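Structure, as structure tokens:
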Amino acid sequence: MSKHRVLESNMFGFVTQFMILLMLFTCFQISIIYMNGISGLLSGSYVERVLIYGAYYLSFMVANLVYPNFSKKYIQTYNMYFWLVLAIISSLTSLCTIATQFILLPLILAGIALGVGMPCCLSYFADHTEIENRGKTGGIIFFLTSLAMPIFSFLYKMIGLYSFCVFSTIWFSTGLIFLLLLKPKGEVVERRKDLSLVSVIVNKQFYLYFISWVIYSLIDNLGFSILRLFLQETFGLAFKDLVLNLSTIVMAFSIVSVGFVIDTYGRKRALLYGFIALGIAYACIGINPLNLFFWYLYFVISGIASGFFVVIFVFTIWGDISSKGAREKYYAIGSLPFFFMVFIREILSPYMVDVPVSTAFSFASFFLFLAVLPLIYAPETLPEKEIKRRELRDYIRKAKKIAGKYAKG
């Protein structure tokens, strides 16, 4: 095959993966917007918020864990079409149930749609990327996808909830049409008969990384509830918005670079440095929460770490340690903390406001350092020969550069 054909094939594969994951993550964003929208229609009480979030996240969790066990064989493409059809039905249902007693039904359907789509789409991504380029590809796709997220929020504020539901129906329908035109390479995959969800969880390589991921997800969500209120009450709304926007910008740059870093130096090393740096940032806030410099330091480090953790834990690590036929279950369990901890945050939010920020962040720092322990014993998932090969290539390039300078001299 010619170099031009290979480049064209790679570009087509990237566009297909981008479209699949764009639809997946915008489904989550649209659901969040809908949840906030119907909270505004209701009284916004604690019980109603728990019901709203529970309808979505619990249905997501059930579908996410149950659907990969349905059949021994499946065609990846059909699963991607199926979850998008469910998303379209959810959006259509939302048009009919706003301001009715069935207002939670679209959220249940959306949770099921995302629960079906999450392991399917991420396993497709892993099946069609090489391990030495998986982080880079995932980082670029997630960065491009994240650019679309603010657009949806802005659109909702401009057109209102009902019109936004019309838009979401059109959006998912357009996505389905694009996928039908792109015709993703759908393979008939035979699921491993000996692989259960329990066997995934007790896999040493899996649970060592998973424990660290759970700790980070919990600390990040609970910490966000505390710091958002503290910053607004102590330093004002303008400062809170400033540092949150700063963290978002830093995270965007981090997402772009993280893939190149972890595909060169490995996943484990990046995670170790990320947890240690974030633990130090939390410790600084715990020592002196009134020091503005510590807050800037915290949000810069938090932005960098968030980009690293999301790309590694959502896209990369579960694909590295699994094989075809097993990846859906690895991604199903591995993606749970990213979404489910948001539900835990909503449940505990009324009880977090009374926790002193210094105490909370000191505990957070302690648990983040604990999260490093499993990683010390976890094996690196990027092959050692690939790391050595890239280090040797960098060494040769630097040697040639130095030799060139001496030759000119």
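For the reader, a short list of remarks on this structure follows.
- Number of positions in the stretch 202-240 that are closer than 19 Å to Ile376 by Cβ and assigned to a helix (DSSP H, G or I): 14
- The stretch 26-61 - residue that is under 30 Å from Phe143 (Cβ atoms) and of a type in the set (Gly, Ala, Ser) and, of those, modelled with the lowest pLDDT: Ser39
- In the stretch 242-271, the residues that are assigned by TED's automatic domain parsing to the domain that holds Phe293 and closer than 22 Å to Leu375 by Cα reach residues that are of a type in the set (S, T, N, Q) and surrounded by fewer than 20 Cβ atoms within 10 Å (Cβ to Cβ) with C-beta atoms within less than 7 angstrom, at least six apart or across chains, in these pairs: Ile255/Ser146; Asp263/Asn133.
- Restricting attention to the stretch 252-267 and to residues that are in contact with an Asp or Glu (Cβ under 9 Å, 6 or more places away or on another chain) and in a helix (DSSP H, G or I), the residue that is surrounded by the most Cβ atoms within 10 Å (Cβ to Cβ) turns out to be Arg267.
- Filtering the stretch 73-128 to residues that are free of Cβ contacts under 8 Å to residues at least 24 places away in the same chain and part of a loop (DSSP other than H, G, I, E, B) leaves Thr100, Gln101, Phe102.
- Selection within the stretch 62-106: residues that are of a type in the set (Phe, Trp, Tyr) and at pLDDT below 80. The member of this set that is surrounded by the most Cβ atoms within 10 Å (Cβ to Cβ) is Tyr74.
- Of all residues in the stretch 107-136, those that are surrounded by 24 or more Cβ atoms within 10 Å (Cβ to Cβ) and β-branched (Val, Ile, Thr) total 1.
- Tallying residues that are within 19 Å of Ala126 (Cα to Cα), among the charged types (D, E, K, R) and modelled with pLDDT under 75 within the stretch 180-223 yields 5.
- Matching residues in the stretch 120-154 - criterion: being farther than 16 Å from Gly266 by Cα and among the acidic types (Asp, Glu): Asp127
- Residue within the stretch 163-172 that is of a type in the set (Gly, Ala, Ser), part of a helix (DSSP H, G or I) and within 21 Å of Ser91 (Cα to Cα) present: yes
- Residue in the stretch 4-15 that is at pLDDT below 90, in contact with a His (Cβ under 8 Å, 6 or more places away or on another chain) and part of a helix (DSSP H, G or I) present: yes
- Glu328, sole failed condition from (1) farther than 27 Å from Val261 by Cβ; (2) modelled with pLDDT under 85: (2)
- Restricting attention to the stretch 293-313, the residues that are under 16 Å from Ile215 (Cα atoms), aliphatic (A, V, I, L, M) and buried (at least 23 other Cβ atoms within 10 Å of the Cβ) add up to 2.
- Of residues in the stretch 129-144 being in a loop (DSSP other than H, G, I, E, B) and of a type in the set (S, T, N, Q), the one farthest from Gly319 (Cα to Cα): Asn133
- Conditions (1) more than 20 Å from the chain's Cα centre (by Cα); (2) farther than 19 Å from Ser335 by Cβ; (3) among the polar types (S, T, N, Q); (4) at pLDDT below 85: number failed by Thr248: (1)
The values are calculated or read from the model by the stated rules, or taken from the named source; none is laboratory data. Remember, predicted model here, so these are calculated numbers, not experimental data. Note that each Cβ is placed from the backbone with ideal geometry, even for glycine, and that neighbours are counted across all protein chains shown.
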